[in-house]
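The values are calculated or read from the model by the stated rules, or taken from the named source; none is laboratory data. What you see is a predicted model, and the numbers here were worked out from it, not measured in a lab. Note that we place each Cβ from the backbone using ideal geometry, even for glycine, and neighbour counts take in every protein chain shown. Please note that ligands, DNA and RNA were not included when accessible areas were found on the heavy atoms of the full protein model with its side chains. Shrake-Rupley method; radii C 1.70, N 1.55, O 1.52, S 1.80 Å.
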Amino acid sequence: MSELTAGQRAALRSLPPVSGLLEHPKIVRFQSQVHPEYLSDTVRRAQERARTEILAGGSTSDHDLVDAVVAELALMVQAVPTVVNGTGVLVHTNLGRSPVSRDTAEAMSQAASHYLPLELDLGSGERGGRGREVELLMRALTGAENTLVVNNNAAAVSLTLAALTAGRKVIVSRGEAVEIGGGFRIPDVMRQSGAILSEVGTTNRSYVRDYEAAIDDETAALLKVHASNFSIIGFTAQPELRDLSDLAKRHNLYMIEDVGSGCLLDTTRYGLSHEPTLADSLAAGADVVTASGDKLLGGPQAGLIAGKASVVDMIRRHPMARAVRVDKTVQAGIGATLRHYLRGEAEDAIPIWWAMSRDLLWLRNRVETWIARIDAGGVSLRESQSVVGGGSLPGMTLPSAALAIETTASRPQELARRLRLGEPHVFPRIEDDVVLIDARSVLQDEDNLVVQAVRQLVS
Ligand SMILES: *Cc1c(COP(=O)(O)O)cnc(C)c1O
């Protein structure tokens with residue numbers, strides 16, 4: 001202890017004892033929610049950290065110590081809260097991508113809290129296939145002979161490449177050997193799966209002949225990756241999938257496409273560009289297509305591997321398939337989401353399609369209704385632009401309406417912070433120094449929440 005300064009010694013002495021901390025009124029509050037053993041452990045560990053910090057030359061007060069313990073306990077006792085998405089970004093990755101439909105949430109909850117014949121045939125009582133319902137739904141909706149559901153699209157691409165192309169060459173256009181999101185870079189994913197990347201063409205233009213020239217005895221597949229989160233505009237060319245599929249067939253190669261968003265409906269009816277659907281890809285001759293479950297499909301996080309029966313079966317038999325397979329809740333959730341498409345009710349039932357299909361007049365009325373109900377100054381209607389987001393339809397916007405909130409008392413950053421931390425939590429967007437709540441990304445049953453949150457802010 002001789003190297004300690006007088007200040008350090010004083011700081012250590014002034015640290016409250018564990019027993020004292022446990023009696024602090026801010027910490028006592030947690031007694032009803034945390035078993036005494038865990039409560040005192042949490043306090044003791046925080047006290048040890050404070051001690052280590054003082055010994056390392058840092059400073060910490062009683063006050064900091066209590067606040068640190070309270071912050072930790074508060075996070076532990078509370079489930080992650082829900083938030084209202086006022087950002088105008090419909091598939092918002094940082095807000096959990098697509099919320100699922102009510103039926104889907106119900107199906108997931110049922111599957112989670114009950115036994116179910118996951119791998120049994122009800123008639124014979126014998127072992128049956130896992131995921132048969134999704135296979136049949138996907139066949140009806142996309143023409144896929146067979147479908148395998150895995151953890152996410154990253155797993156779908158990795159598994160597909162590992163099963164079909166390990167140790168062999170896969171040809172990709174330079175313009176498509178891209179990074180899709182944090183940690184998902186096509187060249188890295190390919191390397192991890194054991195495939196050997198062969199890049200052809202240039203960043204902006206690639207032709208069928210570029211692929212053809214690169215084919216040799218070592219080649220296993222052609223891979224097409226949908227540029228889902230960026231667009232190259234101007235002097236560009238990428239070959240049609242149909243032409244690449246024909247080339248793959250002539251050379252006995254697999255044609256693999258990563259379509260990304262898992263879109264099943266035509267996005268052009270909302271004035272957006274055409275997002276490739278799984279059915280498009282399969283019809284254009286892809287042997288196997290991969291997609292996410294929680295982007296435009298509108299289901300829980302999952303990856304879909306859909307395509308020719310023999311190819312999907314081969315992927316299913318790969319040892320890694322077991323490591324990335326989905327649990328019963330996701331299996332049930334994907335099934336329930338697909339049934340909305342089967343019934344032709346996706347626009348009404350699936351939140352992401354409900355949001356995309358609202359027209360401008362409806363959105364303006366929605367904001368006018370909020371304004372009337374908030375009944376205070378500082379709020380007005382603004383024109384806005386929503387985006388689909390989450391790695392789909394890059395650069396495309398949907399016209400929208402937003403509630404603008406301006407008060408002379410607070411700056412926009414502060415207003416936004418209060419909305420985020422308020423009860424209910426609302427995530428707005430700040431544009432041109434004005435706080436906006438975009439009516440398109442607010443879910444169907446959340447009008448009361450918006451009115452409540454904004455009323456607290458402006459009145
Ligand atoms: C989003 C996306 C991925 C990654 O999907 P996850 O479900 O997030 O793993 C891969 N490829 C494309 C083309 C994508 O758009």
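Computed quantities for the displayed model
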quantity: Computed Kirkwood radius, in angstrom, where 1/r is averaged over Cα pairs of the range 230-279; calculated: 13.1
quantity: Unit charges on C-beta of K, R, D, E only; dipole of the chain, Debye; calculated: 480
quantity: Gap separating the Cα centres of the range 91-143 and the range 294-314, nearest whole Å; calculated: 13
quantity: Backbone N under 16 Å from the LEU55 label point (7 Å along Cα→Cβ), restricted to the range 11-49; calculated: 11-15, 44-49
quantity: P(r) histogram, all alpha-carbon pairs of the range 364-444 included - 10 Å bins from 0, percent; calculated: 18, 49, 28, 5
quantity: Zero-based 5 Å bins, Cα pair distances in the range 241-306, whole percents; calculated: 4, 20, 24, 21, 17, 10, 4, 1
quantity: Per residue solvent-accessible surface (Å²) - the range 265-329, probe of 1.4 Å; calculated: 36
quantity: Furthest towards positive pole of dipole, LEU122, ASN252, THR104, structure part the chain, Cβ charges; calculated: LEU122
quantity: Charge tally in the Cβ shell below 13 Å around PRO36, where Lys, Arg are +1 and Asp, Glu are -1, PRO36 excluded; calculated: -2
quantity: Accessible area of the chain belonging to carbon and sulfur atoms, whole % at 1.4 Å probe; calculated: 51
quantity: Cβ-defined net charge surrounding ALA144, 10 Å radius [Lys, Arg +1; Asp, Glu -1]; calculated: 0
quantity: Chain lengthening between VAL28 and GLN413 when straightened (0.36 nm per residue, less Cα-Cα); calculated: 135.2 nm
quantity: Normalised per residue, the volume of the convex hull around the Cα set of the range 142-201 (Å³); calculated: 107
quantity: Accessible area per residue, Å², the range 1-121 with all protein chains present, probe 1.4 Å; calculated: 63
quantity: Long-range tail of P(r) for the range 269-366 (Cα pairs > 18 Å, %); calculated: 58
quantity: Stokes-Einstein D in µm²/s, Kirkwood radius over Cα pairs - the range 301-358 at 37 °C with 0.692 mPa s viscosity; calculated: 244
quantity: Loop GluC sites (Glu not before Pro), the range 89-126 (other Cβ atoms within 10 Å of the site Cβ: 13 or fewer; DSSP); calculated: GLU119, GLU126
quantity: Protection proxy ranking, peptides 242-249, 25-32, 229-236, average beta carbon neighbours within 10 Å, highest first; calculated: 242-249, 25-32, 229-236
quantity: Accessible area (Å², per residue) of the range 139-191, counting only protein heavy atoms and a probe of 1.4 Å; calculated: 34
quantity: Size of the range 1-158 as Cα extents on the principal axes (Å, biggest first); calculated: 77, 39, 33
quantity: Listed residues SER98, SER380, SER14 arranged by accessible area, highest first, probe 1.4 Å; calculated: SER14, SER380, SER98
quantity: Helical contribution to [θ] at 222 nm, DSSP H n ≥ 4, -39,500 (n - 2.57), averaged over the chain, rounded to 500; calculated: -12500 deg cm²/dmol
quantity: Cα-based Lys pair tally, the chain, threshold under 22 Å, eight or more apart or on separate chains; calculated: 8
quantity: Compactness of the range 301-413 - radius of gyration and Dmax, Cα, Å; calculated: 21.4, 66
quantity: Overall dimensions of the chain by Cα: Rg and Dmax, Å; calculated: 27.0, 82
quantity: Residue-wise HN-Hα coupling along the range 199-210, computed from phi with Karplus coefficients 6.51, -1.76, 1.60 (Hz; x: Gly, Pro); calculated: 8, 10, x, 10, 4, 9, 9, 9, 10, 3, 5, 5
quantity: Options LEU443, SER59, ALA286, ranked by Cα towards positive dipole end of the chain, top entry (Cβ charges); calculated: SER59
quantity: Long-range HN-HN contacts of ALA286 with modeled amide H, under 5 Å; calculated: none
quantity: The range 21-104: Rg to Rh, with Rh as the Kirkwood radius over Cα pairs; calculated: 1.17
quantity: Mean separation of Cα contacts under 8 Å, 6 or more apart, over the residue count of the chain: relative contact order %; calculated: 19
quantity: Cβ charges +1 (Lys, Arg) and -1 (Asp, Glu), total dipole of the range 1-67, debye; calculated: 60
quantity: Dipole of the chain, positive end: most advanced residue of GLN413, ALA156, LEU4 [Cβ charges, Cα centre]; calculated: LEU4
